[in-house]
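As structure tokens, the structure follows; a few thoughts come after it.
The values are calculated or read from the model by the stated rules, or taken from the named source; none is laboratory data. Values in this document were obtained by computation on a predicted structure and should not be read as measured data. FYI the Cβ positions are ideal-geometry reconstructions off the backbone, even for glycines, and counts take in every protein chain you see. To get the accessible areas, we keep the full protein, side chains included, count just its heavy atoms, and leave off ligands, DNA and RNA. Shrake-Rupley method; radii C 1.70, N 1.55, O 1.52, S 1.80 Å.
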Amino acid sequence: FLYFIVSIHMHAILLLHTFAALLPAAWEDGYVTYYGGVPNGGGACGFPGEVTSTFPFGNYAAADFTLYDSAKACGACYEVKCVGPFTQAGANDCQCSSSSVVIQVEDSCCTREYNTPHFDLNPTAMDAILDNSIGTCGVAAVKFRQVDCAYNPEGKNIKIVAKPGTSVYWYAFFVWDVAYTGMIEKARIKSSGSSTWIDCPLTGAYYQCSGGTPYVEPYTVELTDTAGEVLVGVDVIKDSSANAEWDFGTNFGKSLTTNAPTSVPTAVPTAVPTAVPTAVPTAVPTAVPTAVPTAVPTAVPTAVPTAVPTA
């Protein structure tokens, strides 16, 4: 899908968009375990801790190293539903609930085993997909698919959070509350008054800018998500203060209809019929019968008497 959109959202500008297929993605097979989670932060993705009152409502997971992909998957969201015990790991007593749960990747856990994707869920998420105790069902087989990270319905903007130790000579930042794919493919900043973009590659779970120092405040930020959407926040970062949080002013995916069926048909607009005027019937004339002429009798000539000769 290719969209040409230019609009202004506060101090952020929505630029050219080239989107990959709409979410949700196709269902895949996987399995889940559970762990204590990182309720106070400290997971591999550097997120600050559990968020329970808004998305993702306390539901998150650690992804296996293949899924985690050196922190590229941090922030990605997946719908997960139980389909039974994961017998390859010896599980045999998992009673699945009819509910699925949407989790966000906030941590990494382990090497992939059984050649099958693995999520280590926090207890809240694990409990949501089971009808029996999570202690009874330690390993469950699941179906999972990537879905929209639903920050837009809540009106949440992307948050830029500076790392400790930042300055105009060294700048690095986290990107949190990313909607739609939840994952950033590329990040760049630009000093005030400059036309040169500075690349900020992913380093661990944060983006560390390289070259072009000293930076001149405020900084403009360009973010590209894994669907190819590009957002630019003009003068978003006001200064280089360590640990400072900055509102990016908008979020990804605002122009998309998300969580549509996996197979997204081409939208066929409802045809607007051309107004058909009420037919005015052609007047049917009253049949006028062919006039039957009144018979005109043949004139009978008056007999002219034969003259009688005089005797």
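Quick notes
- Within region 227-239, tally of residues that are in a loop (DSSP other than H, G, I, E, B) and surrounded by 20 or more Cβ atoms within 10 Å (Cβ to Cβ): 1
- Of the criteria (1) closer than 22 Å to residue 175 by Cα; (2) open to solvent by less than 20 Å² (accessible area, probe 1.4 Å), which one residue 86 fails: (1)
- Out of 71, 162, sole residue that is at pLDDT 95 or above and at positive phi: 71
- Candidates 32, 51, 80, filtered to the one that is outside any loop (DSSP other than H, G, I, E, B), under 22 Å from the mean Cα position of the chain (by Cα) and hydrophobic (A, V, I, L, M, F, W, C): 80
- Residue within region 148-159 that is closer than 18 Å to residue 29 by Cα and not aromatic (Phe, Trp, Tyr) present: no
- Scope region 195-223; condition assigned to a strand (DSSP E or B) and open to solvent by 30 Å² or more (accessible area, probe 1.4 Å); matching residues: 199, 202, 203, 206, 208
- In this structure, residue 125 does satisfy being under 23 Å from the mean Cα position of the chain (by Cα) and not in a loop (DSSP other than H, G, I, E, B).
- Restricting region 4-53 to residues that are hydroxyl-bearing (Ser, Thr, Tyr) and surrounded by 13 or more Cβ atoms within 10 Å (Cβ to Cβ), the residue that is modelled with the lowest pLDDT: 18
- Condition check for residue 53: polar (S, T, N, Q), closer than 23 Å to residue 26 by Cβ and without any contact (Cβ under 8 Å) to a residue 60 or more places away in the chain: no
- Flag if residue 114 is among the aromatic types (Phe, Trp, Tyr), assigned to a loop (DSSP other than H, G, I, E, B), touching a residue at least 40 places away in the same chain (Cβ under 8 Å) and under 19 Å from residue 35 (Cβ atoms): yes
- Taking the numbered list (1) over 20 Å from residue 143 (Cα atoms); (2) at pLDDT below 95 in turn, residue 88 passes all entries but (1).
- Tally of residues being without any contact (Cβ under 8 Å) to a residue 60 or more places away in the chain and either touching a strand residue (DSSP E or B) at 6+ places or on another chain (Cβ under 6 Å) or open to solvent by less than 10 Å² (accessible area, probe 1.4 Å) (or both) across region 147-174: 1
- Residues in region 117-141 that are more than 19 Å from residue 72 (Cα to Cα), open to solvent by 10 Å² or more (accessible area, probe 1.4 Å) and not hydrophobic (A, V, I, L, M, F, W, C): 123, 124, 127, 131, 132, 133, 135, 136, 138.
- Top-ranked residue in region 54-77 [being open to solvent by less than 30 Å² (accessible area, probe 1.4 Å) and more than 22 Å from the chain's Cα centre (by Cα); ranked as farthest from residue 101 (Cα to Cα)]: 64
- Within region 89-107, being open to solvent by less than 30 Å² (accessible area, probe 1.4 Å) and assigned to a strand (DSSP E or B) holds for 101, 103, 104, 105, 106, 107.
- Residue in region 186-198 that is small (Gly, Ala, Ser), under 27 Å from the mean Cα position of the chain (by Cα), modelled with pLDDT of 95 or more and within 19 Å of residue 163 (Cβ to Cβ) present: yes
- Here region 177-186 is the region considered, the condition is being part of a strand (DSSP E or B) and open to solvent by 30 Å² or more (accessible area, probe 1.4 Å), and the residue that is farthest from residue 24 (Cα to Cα) is 186.
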